[in-house]
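Okay, so here's the structure we're looking at.
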Amino acid sequence: MRALVPLIVLGIASGVGITQLTAAGEPPSWAYAIPAPAPPGAPAAAPDTSPKQIPGSTLSFTRQQISDGFGPADWFPGDHPTMPDVVAHGKRPDARACGLCHYPNGKGRQENAGVSGLPVSYFIQQMNDFRSGVRKSAEPRKTNTNLMITIAKALTPEEIKTTADYFGAMKWTPWVRVVEAATVPKMESRGGIWVPLDGAAKEPIGVRIMETPENSERTEILRDPRSGFIAYAPPGSIKKGETLVKTGGSGRTEACGVCHGADLTGLGPVPGIAGRSPSYLARQMFDMQTGARHGEWADLMKPVVARLTEEDLVDICAYVSSLMPPTQR
């Protein structure tokens with residue numbers, strides 16, 4: 001297994017790393033979930049204007065309302081504080097509503113980031129990194145990273161601070177369920193989300209973590225902010241990851257708790273990583289590895305992750321994501 005070049009997680013100072021996955025340094029497809037292009041000449045689907053509902057909500061919305069970039073559906077208004085206008089409606093023409101992609105509760109989805117519970121100063125720093133060009137994606141087809149750059153540039157410092165305060169006030173709570181499995185359903189990417197194909201066909205998991213919605217329709221179509229994710233990881237990966245996270249693996253890295261706190265739920269301006277999306281963590285590490293993402297926090301991580309391998313990445317992400325953050329702290 002090849003050794004790692006320097007990289008970082010999500011701008012977070014954590015002892016997590018990744019190998020170059022191919023000789024050409026191609027991004028790990030399982031983490032980026034880039035969808036296949038539509039066949040040439042494929043007809044567009046007819047608009048679905050029927051009202052939709054989800055369990056636990058008394059509201060109904062059409063698919064057009066659910067995905068409205070400047071006023072998306074809010075299924076559970078009582079689940080979160082009153083949204084600032086920039087979170088609920090965005091800012092035309094370039095800044096779509098934060099609540100569309102990250103949900104009003106800040107949980108986010110596999111293809112983007114969970115932003116609730118982030119330290120305010122860290123949130124602001126990352127938006128400024130998008131604005132200045134030091135935070136990009138190593139995968140040019142990762143379109144939502146480019147959208148974030150556009151959004152960050154369209155917002156004022158006051159609007160960024162308002163958004164950071166809103167999401168920072170909400171605690172991060174369980175959202176991803178990690179399950180070890182030797183085989184996983186065959187999946188395809190739909191908009192950056194791995195969705196199982198029809199039927200029961202399975203394939204070996206290999207050296208991957210395959211993250212997918214607990215309920216594909218409620219996540220992919222209805223954008224249900226109460227329906228989370230399941231992440232399949234190789235057998236034994238959680239235990240191996242625990243050893244690396246807690247001990248540093250006999251000098252291969254540093255114990256993650258040094259910067260992220262003993263329970264990995266954050267320490268001062270350093271964000272928590274416990275229970276976060278393993279796909280997202282892996283993407284950020286690879287982006288740092290290739291130099292697509294750097295900056296104040298990223299540079300601190302480079303010596304920490306320099307000697308980690310691809311298996312280390314999978315193991316550490318499996319363990320960190322398996323941790324259940326407390327519902328209150």
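Details
- Scope the stretch 264-285; condition in contact (Cβ under 8 Å) with a residue 40 or more places away in the chain and open to solvent by 30 Å² or more (accessible area, probe 1.4 Å); matching residues: G268, P269
- In the stretch 76-91, the residues that are closer than 14 Å to D165 by Cα and in a loop (DSSP other than H, G, I, E, B) reach residues that are open to solvent by 20 Å² or more (accessible area, probe 1.4 Å) and not aliphatic (A, V, I, L, M) with C-beta atoms within less than 6 angstrom, at least six apart or across chains, in these pairs: H80/N105; P84/T162.
- Residue list for the stretch 97-113, restricted to those being within 13 Å of F76 (Cα to Cα) and without any contact (Cβ under 8 Å) to a residue 60 or more places away in the chain: G99
- Boolean, A97 is at pLDDT 95 or above and open to solvent by 60 Å² or more (accessible area, probe 1.4 Å): no
- The listed residue being open to solvent by 20 Å² or more (accessible area, probe 1.4 Å), free of Cβ contacts under 8 Å to residues at least 40 places away in the same chain and either closer than 26 Å to L197 by Cα or of a type in the set (D, E, K, R) (or both), out of E242, E254, E214: E214
- Matching residues in the stretch 207-222 - criterion: being part of a helix (DSSP H, G or I) and hydrophobic (A, V, I, L, M, F, W, C): I221
- Of V115, V120, V86, all but one fail to be of a type in the set (A, V, I, L, M) and touching a strand residue (DSSP E or B) at 6+ places or on another chain (Cβ under 9 Å); the exception is V86.
- Number of positions in the stretch 181-211 that are in contact (Cβ under 8 Å) with a residue 60 or more places away in the chain, within 21 Å of R223 (Cβ to Cβ) and among the β-branched types (V, I, T): 1
The values are calculated or read from the model by the stated rules, or taken from the named source; none is laboratory data. Since this is a predicted model, take the numbers as computed values, not measurements. Positions of Cβ are backbone-derived with ideal geometry, glycine not excepted, and every protein chain shown enters the neighbour counts. Accessible surface areas use protein heavy atoms only, side chains included; no ligands, DNA or RNA. Shrake-Rupley method; radii C 1.70, N 1.55, O 1.52, S 1.80 Å.
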